[in-house]
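**Q** I'd like to ask you about the structure that follows.
The values are calculated or read from the model by the stated rules, or taken from the named source; none is laboratory data. All values reported here derive from a predicted model rather than from experimental measurement. All Cβ positions, glycine included, derive from the backbone under ideal geometry; neighbour counts span all protein chains shown. Quick note on the areas: whole protein, heavy atoms, side chains included, nothing else; ligands and nucleic acids left out. Shrake-Rupley method; radii C 1.70, N 1.55, O 1.52, S 1.80 Å.
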Amino acid sequence: MGSGRGYTPAMTSLGATTRAVLQELGAKPSKKLGQNFLVQEATVAAIVRLIDPQPDDQIIEVGGGIGTLTAALAPRVSRLVVFEVDRVLKPWLEQQFADQPQVTVLGDALAEWSAAGALLSPDRPLKIVGNIPYQITGPLLERALSDTLPVPWQSITFMVQEEVADRMLAAAGEPERGRLSVIVELHALAGGRLPVGRDAFHPKPNVDSLVLQLRPRPVPLLEAAQIPRFQGLLSRGFHMRRKTVWNNLRAGFGGTDLERLKGYLESNGVPLMKRPQDLTLREWLKAFWVEEELRS
């Protein structure tokens, strides 16, 4: 697996390739950007198998780095949109894949997510992949799960820190459960998993990682227009994790509306005296429908 023209596995190992490219560019892995480059060939191959790229697929890759995964995916798909925020690596990627018209390199995924949509065909499958820095995992996942692109996503395959994966998949009653857990559960079902040890990266992080694949629910639980309001409810509901659900949700209501809200929530089986991490997705949806009814 190469990292672009000029460096190939036949010449050197992936780890040496990565170091050589970074040295050539005068670039050092940035802690601020959460840069840990994958340097284990077997892990790269396993990730590609999990993604299962097909000739008609369109792929959005977040965090192109030096193009290790990009080079493995590009020949196998019809369109590959790569996000790379690093101001040194982005132009280098553009140069490396300049002769592959199916590859487009963009900048900041959070700022330019909608720009990827303009490059996608509505009649071909979309897969989203990436090695996601800790600090943007939540916002990026919400964008990938919720944002309206011209084609629905078929799978999301993200490498995240192990503790972040635990939070993403935490069930009701588990201490790791939070707002992100409920949003993931709303949109997706967990698919394949691939543990990745810290030795697979340069530089070596202090934690292990997990490649986690999500698949969309067969039937959406909310309409697209309702999702921002549901996310707003969760933001209020998880605002103070040690407070009860009622103490969090009552904010913004007063007087008669407050009493009506409490009565409707209780009559619909929302356990108001529990803490937010203890509610099931079904109970959060009940709370949402009650508020929708009151606001209408």
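**Q** Do we have any residue at all in the stretch 40-47 that's within 30 Å of GLY191 (Cβ to Cβ) and in a loop (DSSP other than H, G, I, E, B)?
**A** The answer is yes, given that some residue of the stretch 40-47 is within 30 Å of GLY191 (Cβ to Cβ) and in a loop (DSSP other than H, G, I, E, B).
**Q** If you don't mind, there's one more thing I want to ask. Could you say which residue among PRO29, PRO9 is at pLDDT below 95, outside any helix (DSSP H, G or I) and in contact with a His (Cβ under 8 Å, 6 or more places away or on another chain)?
**A** PRO29
**Q** Check off (1) out of contact with any helix residue (DSSP H, G or I) (no Cβ under 6 Å at 6 or more places or on another chain); (2) touching a residue at least 12 places away in the same chain (Cβ under 8 Å); (3) not in a helix (DSSP H, G or I) for VAL219 and give me the number that stays unchecked.
**A** (2)
**Q** Right, here's the next one. Go through (1) modelled with pLDDT of 95 or more; (2) within 17 Å of VAL182 (Cβ to Cβ); (3) surrounded by fewer than 17 Cβ atoms within 10 Å (Cβ to Cβ) and name the single condition LEU285 misses.
**A** Among (1) modelled with pLDDT of 95 or more; (2) within 17 Å of VAL182 (Cβ to Cβ); (3) surrounded by fewer than 17 Cβ atoms within 10 Å (Cβ to Cβ), the lone unmet condition for LEU285 is (3).
**Q** Identify all residues within the stretch 244-258 that are under 33 Å from the mean Cα position of the chain (by Cα) and either in a helix (DSSP H, G or I) or under 20 Å from ARG282 (Cα atoms) (or both); write none if there are none.
**A** THR244, VAL245, TRP246, ASN247, ASN248, LEU249, ARG250
**Q** For the stretch 83-98, indicate whether the set of residues that are among the hydrophobic types (A, V, I, L, M, F, W, C) and under 25 Å from GLY191 (Cβ atoms) is non-empty.
**A** Yes, some residue in the stretch 83-98 is among the hydrophobic types (A, V, I, L, M, F, W, C) and under 25 Å from GLY191 (Cβ atoms).
**Q** Let me confirm something: among LEU272, LEU261, LEU265, LEU294, which residue is open to solvent by less than 40 Å² (accessible area, probe 1.4 Å), assigned to a loop (DSSP other than H, G, I, E, B) and farther than 30 Å from VAL151 by Cα?
**A** The match here is LEU272.
**Q** Could you look through the stretch 222-250, keep only residues that are polar (S, T, N, Q) and in contact (Cβ under 8 Å) with a residue 12 or more places away in the chain, and pick out the one that is farthest from ALA170 (Cα to Cα)?
**A** Out of the qualifying residues, it is GLN226.
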